[in-house]
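Just so it is clear, none of the values below were taken in a lab; they were calculated from the coordinates. All values reported here derive from a predicted model rather than from experimental measurement. Cβ atoms come from the backbone with ideal geometry, glycine included; neighbour counts cover every protein chain shown.
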Amino acid sequence: MNIDKAFGVHALALQLRSRRAQILAANLANADTPRYQARDLDFKATLEAAVGKENTTLRTTHPRHLGSGGTSPAQAQIRVRTAVQASADGNTVDTQREQAAFAENAVQYQASLTFLNGKIKSLLTAIKGE
């Protein structure tokens, strides 16, 4: 039994959600920094790329070889957000938008964590034979 397959995409989703929380927190921390460009992680595109790579990865003998599979949070697709409203100092952070995105990300992180917790409990039950 492959533990990665048992947990599905949720293990990677937790890592990506954690990375997104860091990015959104940095946006909020720099809300008053002149010319700071708000960033966000393209969660859907990064996750789709990771899932697609699982099926088409090449076998490599070293992690630095070309074609090594997997997407890590460090390789996540981070994009600069376009400003909803122009700012005199060039800052593109909208604190209300960032707070809403942070809260939504936290709920989705908790959902993946709850799913994984249920999966682990069912695996433990199967192992114990209860």
Q.
Using a 10 Å cut-off around each Cβ, can you sort Lys119, Lys44 from fewest to most neighbouring Cβ atoms?
A. Lys44, Lys119
Q. Which distance in Å, rounded to a whole number, links the C-alpha centroids of the stretch 19-49 and the stretch 91-116?
A. 11 Å
